[in-house]
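What follows is calculated from the coordinates using simple rules that are stated; it is not laboratory data. Since we're looking at a predicted model, the values are computed, not measured. Glycine also receives a Cβ, built like all others from the backbone with ideal geometry; neighbour counts cover every protein chain displayed.
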Amino acid sequence: MVKYTDLEYLRMKKGKRFGLKLLSFLCSIPRKTAAFFLMLLTGIKQAALKIAGEARDICMGFVTGDWKTKVSYLVMGFGCFARGQILRGVLFLLFEVVFIGYMVLFGGYYLGMMPSLGKQGPTTEKVASGLRGTATVTIYHDNSFRILLYSVLTIFFIIAFIYTWRVNVKQNLTAERILKSGKKLRSGKEDLRSLVDDQFHKTLLALPMTGILVFTVLPIIFMILVAFTNYCGANNGYTNNLFHWVGLDNFNTMLNWTNGSSSYAATFGEVLAWTLIWAFFATFTNYFLGMMVAMAINKKGIHFKKGWRTVLVMTVAIPQFISLLYVSKMFASNGIVNGLLMDLGIIDMDHLLPFWTDPTWARITVIIINIWIGIPYLMLITTGILMNIPADLYESARIDGASGWQQYSKITLPYMLFVTGPYLLTSFTGNMNNFNVIYLLTGGAPTNNLSTAPGTVGYTDLLITWLFKITQGAEANYYLASVVGILVFLVVAIISLVVYNLLPSIKNEEDFQ
Amino acid sequence: MSENTVMAPKKHMGLKTSRRISNTAIYVLLAVISVVWLIPFICILLQSFRVENTMPVGYVIPKRWGIDNYLRLFQTDFPKWYLNTFIIALVSSVLQTFIVLCMSYALSRFRFKGRKLLMRLMLILGMFPGMLTMIILYRVLADLGMTQANAVPGLILVYVASSGMLYYVSKGFFDTIPKSLDEAARVDGATRFQVLKKIILPLSKPIVIYTVLTAFMSPWGDFVFAQYVSMGASAGKNVAVGMYGWLNKDQIANNYTLFCAGGVLVAIPVTVLFLCLQKYYVEGVTGGAVKG
């Protein structure tokens, strides 16, 4: 590639600059990918070395440590008791007892069942009932869902135990060293005090992190695992049928292209394409129009600034399910919009505007209604930032005779893009997963009859609403929904990664100007 | 020279008139925008007073006015749903604020091992579609007996437990409070907890109000997960789930105006609260966007 100096770069035309940047980005992809894997490799190597070092330290500690330390390798907290740190000792011992109890009573069973996910399904048996003889009842045996869920939880617990055990060993070794050097150990009271002082972050993070671990991380790991099983999830999670591991079969079903345009992969491609188009328009129409409204309100000489803003802000406050459902009914074939146009004589009974029934109309309508939803929000965000642009920049531009458009394109827009770049990215990915707007407005309609994929895909369906539909109803197909979920994650992650890598170039451009 | 002196005031006048024209254009634009933005809400309001029939119709102004729809609301489960939502919103806004503040303060003020990793992991977790985890959460809540008619505590538990992920905006706020304040207090012998309680919290009123406000507002609109957890049991529904049912194909003819009346009753308190605390909300979203 040709290298340019800064001066040559500055002399270039805009289009050429952009082309150059794009080219250099494309050229850097292989190098960056290689660097990424190299980084991953060195990371793994370093982690392995670290673990090996840790293991050696722990073994050495066992050999060189005194008997108190040696016992605490087996009985956690023993060393703390022996050295007078009662509080720590109690906690360590308690944890070990709870852990062993859990493993014996539940954990071991679930972990043992994990490879098969249960063997015996529900059976019907005759049992004696009342005076009249027998009745048939269904007896449930193994429950694959529960086995998978609790075995994941057990694995979490084991990791926590290993970590705590390591902390226990390390603390023993440190305590031994401190005592040898003639200093005193912390008392339980000092330990407690440190929890509101130099260890305060642990206190602060304990509760939120537990919540995230159980209610966010655990479900996500479960979801990923389900993609490798044949769990269909009928009746909203209450299934007592067995399911089992199927390896990569589901990915194969989803991404197989052998049936051509009627395969699931074709549907996935179509929905993905629309999701990206939607996210692009939803993000940028809102962004530019919202900025325009904010600038209009901010303009010198415009009165009732607060009043205009309040009118728009009110629409942020009203819960979306009310406004979106209502607007969706307004545009229906028997809704107010068509009724009004008919009264005005613009259309007649036979030519109602097909807002929700024609694919193209429906797509354009959701984008336009999304503008209605999004502008107030963007107006709020951009107002504050616009006010932060130093006024003397405009002053000097005006003295130099810059027109309004020039001021906008040379000062306002670069500044805004620079400041809100990361926001645009999150807003783009947020729009890709914008469930509410699509689901409440159209529910994905009009239906795409050409598709054979599960979940009755519609033309306005995003990946997220589609995967929700797959999990619903009698023909729920949860494992395929999980596959779609993983693919959504990959798409979002790749876009984020690429854009984040491009963002510094925006900053560099700022340096040039 | 004489030409110049004649020209100058003329040009000035031209500027003034052009500014007047552009300002007028902006006023017109803003007026149109305001009307467009308010029309749906005015329509809901008008339709809620329409008593000649209960179906969706193609006109806006009711032919006969009345408050029958509002009276009918009290014969349905609507008051129960309303109370459910209010309880959820109230309790979860208090607890969520506590969780979010703990999380964001720790991530903003402490430099501990694994902090960067933690934040990066949470960013990655946020990229998974949460939609899919509902089925598992439902199952966990079912095992705890917190579904269907008992959905209210279940919903609160899930909202609060996963709220640690929402630390971003308030962390950005804490980052702007100078660290020298902390250090000065630490030198004077204050513990970290005392610093938080006596110095940071009094300065954090805007972000606390922002967090409470957003946490209070979101349960009113949550629809998908609430529907999942209540699973058709009317006693466990929130307003969104309950009222969504009124717009089903087989119910809409009877309940369309009822939906409008319910919508008005839901929108009023939330909107009033929001408008009162608007200032803090604006500060929050602006800060969040700039920090990215």
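Show me A:300-309, B:210-219, B:236-245 ranked by packing, highest mean number of other Cβ atoms within 10 Å first.
Ranked from most to least packed, the peptides come out as B:236-245, B:210-219, A:300-309.
So which of A:K306/B:K205; A:K170/B:K171; B:K171/B:K198; A:K183/B:K116 end up more than 25 Å apart by C-alpha?
Result: A:K170/B:K171; A:K183/B:K116 exceed 25 Å.
What ³J(HN,Hα) values, in whole Hz, does the Karplus curve 6.51 cos²θ - 1.76 cosθ + 1.60 give for region B:187-195 when θ = phi - 60°, with x put for Gly and Pro?
4, 6, x, 6, 7, 4, 5, 5, 4
Which residue, chosen from B:F74, B:A151, B:A185, occupies the Cα position most advanced towards the positive end of the dipole of region B:74-291, where the dipole is computed from +1 (Lys, Arg) and -1 (Asp, Glu) charges on Cβ about the Cα centre?
With unit charges placed on the Cβ atoms, the residue in question is B:A185.
For region A:305-333 and region B:24-70, compute the distance between their C-alpha centroids and round to whole Å.
Spelled out, the Cα-based centre of one part sits 12 Å from the other.
Using a cut-off of 11 Å between beta-carbons, work out the net charge of the residues near B:A261 (Lys and Arg +1, Asp and Glu -1, B:A261 not included).
+1
Report the relative contact order of chain A, percent, no decimals, based on alpha-carbon pairs under 8 angstrom and at least 6 residues apart.
It comes to 15 percent, rounded to a whole number.
Rounded, prolate or oblate, given the Cα gyration tensor of region A:241-344, with a/c below 1.5 counting as rounded?
Judged from the Cα gyration tensor, region A:241-344 comes out prolate (a/c at least 1.5, a/b above b/c).
Students often forget the sequence filter, so: which lysines lie under 23 Å Cα-Cα from B:K237 once same-chain residues fewer than 8 apart are removed?
Within reach: A:K329, A:K469, B:K80, B:K249.
For the residues A:R83, B:R19, what sequence is obtained by ranking on other C-beta atoms within 10 Å, fewest first?
Lowest to highest Cβ neighbour count: B:R19, A:R83.
Over region A:255-512, what relative contact order in percent results from Cα pairs under 8 Å that are six or more residues apart?
Result for region A:255-512 is 25 percent.
Relative contact order for region B:74-291: what percent, with Cα pairs under 8 Å and sequence separation of 6 or more?
35
In peptide B:111-118, what is the residue-averaged number of other protein chain Cβ atoms found within 10 Å of each Cβ?
Details: counts 1, 4, 0, 0, 2, 0, 0, 3.
Per-residue shielding by partner chains comes out at 1.
Under the classification rounded if a/c is under 1.5, otherwise prolate if a/b is larger than b/c and oblate if not, where does region A:255-512 fall, given a ≥ b ≥ c as square roots of the Cα gyration tensor eigenvalues?
It is oblate, given that a/c is not under 1.5 and a/b is not larger than b/c.
Please say if the protein assembly as shown is rounded, prolate or oblate, where rounded means a/c under 1.5 for a ≥ b ≥ c the square roots of the C-alpha gyration tensor eigenvalues, and otherwise the choice is prolate for a/b larger than b/c and oblate otherwise?
Verdict is oblate for the protein assembly as shown.
Dipole of the protein assembly as shown, Cα-centred, from +1 at each Lys and Arg C-beta and -1 at each Asp and Glu C-beta, to the nearest 20 debye?
It comes to approximately 2520 debye.
Picking from A:M379, A:G335, A:L462, whose Cα lies most toward the positive end of the charge dipole for chain A (charges on Cβ: Lys, Arg +1; Asp, Glu -1)?
Final value for the positive-end residue is A:M379.
Which cross-chain or sequence-distant (5 or more) residues have an amide H under 5 Å from the amide H of A:T229, H modelled 1.01 Å from N in plane?
A:V246
Among A:W245, A:A175, A:A453, which residue has its Cα furthest toward the positive end of the charge dipole of the protein assembly as shown, with +1 on Lys/Arg Cβ and -1 on Asp/Glu Cβ?
So the residue furthest toward the plus end is A:A175.
Please list 3J(HN,Hα) in residue order for region B:267-273, calculated via the Karplus relation 6.51 cos²θ - 1.76 cosθ + 1.60 where θ = phi - 60°; whole Hz, with x for glycine and proline.
Running phi through 6.51 cos²θ - 1.76 cosθ + 1.60 with θ = phi - 60° gives 5, 4, x, 5, 5, 4, 4 Hz.
To the nearest whole number, what is the average tally of beta carbon atoms from other chains within 10 Å of the beta carbons of peptide A:293-306?
Mean shielding by partner chains, rounded to a whole number: 3.
Non-local amide H neighbours of B:T191 (under 5 Å, H modeled in plane, Pro and chain starts lacking H): which ones?
For B:T191, whose amide H was placed from the backbone, there are no distant partners under 5 Å.
Using the crude model of +1 on Lys and Arg Cβ and -1 on Asp and Glu Cβ, and no other charge, please compute the dipole size for region A:255-512 relative to its Cα centre, in debye to 20.
The dipole magnitude comes to about 640 debye.
So for each of A:28-39, A:268-279 I average, over its residues, the number of other beta carbons within 10 Å; can you give me the resulting order with the highest mean first?
Going from most to least packed, we get A:268-279, A:28-39.
Rank-order A:41-50, A:376-385 by packing density, defined as the average count of other C-beta atoms within 10 Å over each peptide's residues, highest first.
Working: A:41-50: 10.0, A:376-385: 22.2.
Ranking, from highest mean packing down: A:376-385, A:41-50.
Per-residue Cβ counts within 10 Å, from other chains only, averaged over A:195-201: what number is that?
6
Which whole-Hz couplings ³J(HN,Hα) result when phi for each residue of region A:49-64 is put into the Karplus expression 6.51 cos²θ - 1.76 cosθ + 1.60, θ = phi - 60°, listed in order with x for Gly and Pro?
4, 5, 5, 4, x, 4, 4, 5, 4, 5, 5, 4, x, 5, 6, 8
List the residues, sorted by chain then number, that are 5 or more residues from A:G458 or on another chain and whose placed amide H is less than 5 Å from its amide H.
Amide H to amide H, under 5 Å and 5 or more residues apart or across chains, A:G458 pairs with A:N448.
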